[in-house]
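Asker: Here it is, the structure, as structure tokens.
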Amino acid sequence: MIIKPAKKIRGTIQVPSDKSITHRIFILSSLSKGISSAKNLLYSEDTFRTYEIMKKLGISYEGDFNNIKIIPPKKFNKNGNYYSGNSGTTARLIMGLLSSIKDGEYIVTGDKSLSKRPMKRIVEPLKIMNADIEFLENENYLPIKIIGNTLNSIEYELPVQSAQVKSAIIIAGVNSKKEVTIKNDNNTRDHTERLLKYMNADIQGDSSFIKVNPSILSPLKKIFVPGDFSSASYFITLASLHKNAKIKIENVGLNEKRIAFLNLLKEMNVNIHIEIKETFPEPYGDIYVESSELKVSEIDINSIPSMIDELPLIALLGCYTKGETILKNAEELRLKESDRIKAVVENFRALNVEINEFKDGFSLKGKQKILGGEVDSFNDHRIAMMFSIAGLLSKDGIKIKNSECVSISYPNFFNELKMFY
């Protein structure tokens, strides 16, 4: 795929629905006492993996991803092989569910990329709850074998800020009807908790802990899934940096645990305006962005977990911002679909941008021009999308190898870009 420079950026955009929320709707609906209904779910490779796994476990559906009814099973099917593809959220969240299905026997696998991503962080707390989980080939990685067991209550302090770890524990506790308390969860995404509150679960907590008590879950009723803020962040960045830009992005999720990147852009002097439409269970609204003259802003270490998917874009922003941009304390980026620190650094160097690599981040000085060249997506959808935005901003255009990986989260991404030509 070759992305050519755009002379102006104008238009109204609707980004794909939130991936994280879509995954959780399929899983949590299976635990409710009734038929759930939802609108505007994301249809992508990742979410389809969760859809298919839950169907294999016994869920049935009516309708499609735009307007769906989710019918929970009377009993979960108690054996099977479950392929998660490239979706870490799918693999990690269903571990919590499968561990809690007594006497079930399951194998969880993933593609080549997912099979290199760490799973011990999920397995360890589940084992504390009495889960029976075995790594089949390599310690810490898929494939794994799970034999469902009678689980215990847990009080667990997260060693690493991770919404996926937190959610796997919560899901295991909810299905086992066991009390779950999680500490050290200050800034991770809270979609699981919000959905459970909407389903009348007994949840308590503040900034230092979350406690989920045994609950009977009500079904979701016509819940609307807003646009994925991470998908919107590419267009926000584009409009911020392009010299002739003015766009509107409609119905974007504005959960406070997801918009740290938006808050950083405001500190960087980006011309951005928000109109809130809804606040519960997930806040969403419209975002307006125009061409801006950016200034460097220090990145708060506490905000990193809540903008982990947007962090590579900071390097692109740094190219156009006067002063030095520094990102540290982001070693988690090395454990994503690709080593995103390596992918960012190597690709920018291929574009003749001077950038320094650290174990936990990178730094670069602005202002540097992106002329053009060829980059590798490393089969990572977010890397492919970021350098597509760089191509629109470049002088000569950018060729992206293995660009088809964007279908994991944003199947229509390249068609959206056509409006700028």
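The values are calculated or read from the model by the stated rules, or taken from the named source; none is laboratory data. No experiment lies behind these values; they were computed from the predicted model shown. Ideal geometry is used to build each Cβ from the backbone, glycine not excepted, and the neighbour counts take in all protein chains shown.
Asker: Residues of the range 203-222 being closer than 18 Å to Ile25 by Cα and either of a type outside the set (Val, Ile, Thr) or assigned by TED's automatic domain parsing to the domain that holds Tyr410 (or both), which ones?
Answerer: So the first thing to find is which residues in the range 203-222 are closer than 18 Å to Ile25 by Cα, and the list is 203, 212, 215-222.
If the condition is that a residue be closer than 18 Å to Ile25 by Cα and either of a type outside the set (Val, Ile, Thr) or assigned by TED's automatic domain parsing to the domain that holds Tyr410 (or both), then Ser215, Leu217, Ser218, Pro219, Leu220, Lys221, Lys222 are the ones that fit.
Asker: Another one. Before we move on, is Ser162 hydroxyl-bearing (Ser, Thr, Tyr), at pLDDT below 95 and out of contact with any Pro (no Cβ under 6 Å at 6 or more places or on another chain)?
Answerer: yes
Asker: So, restricting to strands (runs of 3 or more DSSP E) that lie completely within the range 305-412, which ones have at least 1 residues that are under 30 Å from Lys120 (Cβ atoms)?
Answerer: Strands (runs of 3 or more DSSP E) meeting the threshold: 323-327, 356-358, 361-366, 372-376.
Asker: State whether one or more residues within the range 405-416 are polar (S, T, N, Q) and either in contact with a Phe, Trp or Tyr (Cβ under 9 Å, 6 or more places away or on another chain) or more than 23 Å from Ser17 (Cβ to Cβ) (or both).
Answerer: Yes; the residues of the range 405-416 include at least one that is polar (S, T, N, Q) and either in contact with a Phe, Trp or Tyr (Cβ under 9 Å, 6 or more places away or on another chain) or more than 23 Å from Ser17 (Cβ to Cβ) (or both).
Asker: Separate question: Could you go through the range 336-346 and let me know if any residue there is surrounded by 15 or more Cβ atoms within 10 Å (Cβ to Cβ) and on the phi > 0 side of the Ramachandran plot.
Answerer: No: the range 336-346 contains no residue that is surrounded by 15 or more Cβ atoms within 10 Å (Cβ to Cβ) and on the phi > 0 side of the Ramachandran plot.
Asker: Looking at the range 218-265 only, could you name the residues that are under 18 Å from Glu416 (Cβ atoms), more than 18 Å from the chain's Cα centre (by Cα) and in a helix (DSSP H, G or I)?
Answerer: Leu238, Ala239, Ser240, Leu241, listed by residue number.
Asker: If you don't mind, there's one more thing I want to ask. Applying the selection to the range 68-84, what residues are under 24 Å from the mean Cα position of the chain (by Cα) and over 24 Å from Glu124 (Cβ atoms)? Walk me through it before giving the result.
Answerer: Quick first cut of the range 68-84, residues under 24 Å from the mean Cα position of the chain (by Cα) only: 68-70, 82-84.
The answer is Ile68, Lys69, Ile70.
Asker: Looking only at residues in the range 343-363 that are in contact with a Lys or Arg (Cβ under 9 Å, 6 or more places away or on another chain) and charged (D, E, K, R), which one is nearest to Ile304 (Cα to Cα)?
Answerer: Asp360
Asker: Give the residues of the range 347-370 that are β-branched (Val, Ile, Thr) and surrounded by 21 or more Cβ atoms within 10 Å (Cβ to Cβ), sorted by residue number. Let's see the steps before the verdict.
Answerer: We begin by selecting, within the range 347-370, every residue β-branched (Val, Ile, Thr); these are 353, 355, 370.
Correct list: Val353, Ile370.
Asker: Then there's this: Restricting attention to the range 93-146, which residues are more than 24 Å from the chain's Cα centre (by Cα), in contact (Cβ under 8 Å) with a residue 40 or more places away in the chain and either surrounded by fewer than 18 Cβ atoms within 10 Å (Cβ to Cβ) or in a helix (DSSP H, G or I) (or both)?
Answerer: Answer for the range 93-146, where residues must be more than 24 Å from the chain's Cα centre (by Cα), in contact (Cβ under 8 Å) with a residue 40 or more places away in the chain and either surrounded by fewer than 18 Cβ atoms within 10 Å (Cβ to Cβ) or in a helix (DSSP H, G or I) (or both): Lys102, Asp103, Glu105, Lys145.
Asker: Further question: Only one of Thr22, Thr47 is in contact with a His (Cβ under 7 Å, 6 or more places away or on another chain) and buried (at least 22 other Cβ atoms within 10 Å of the Cβ). Can you tell me which?
Answerer: Step by step, each of Thr22, Thr47 is checked, and only Thr47 is in contact with a His (Cβ under 7 Å, 6 or more places away or on another chain) and buried (at least 22 other Cβ atoms within 10 Å of the Cβ).
Asker: OK, next. Mind checking whether some residue in the range 198-213 is assigned to a helix (DSSP H, G or I) and under 23 Å from the mean Cα position of the chain (by Cα)? Give the derivation first.
Answerer: As a first pass, look at the range 198-213 and keep what is assigned to a helix (DSSP H, G or I): 198.
Next, from what is left, pick out any that are under 23 Å from the mean Cα position of the chain (by Cα): 198.
Among the residues of the range 198-213, at least one is assigned to a helix (DSSP H, G or I) and under 23 Å from the mean Cα position of the chain (by Cα), which makes the answer yes.
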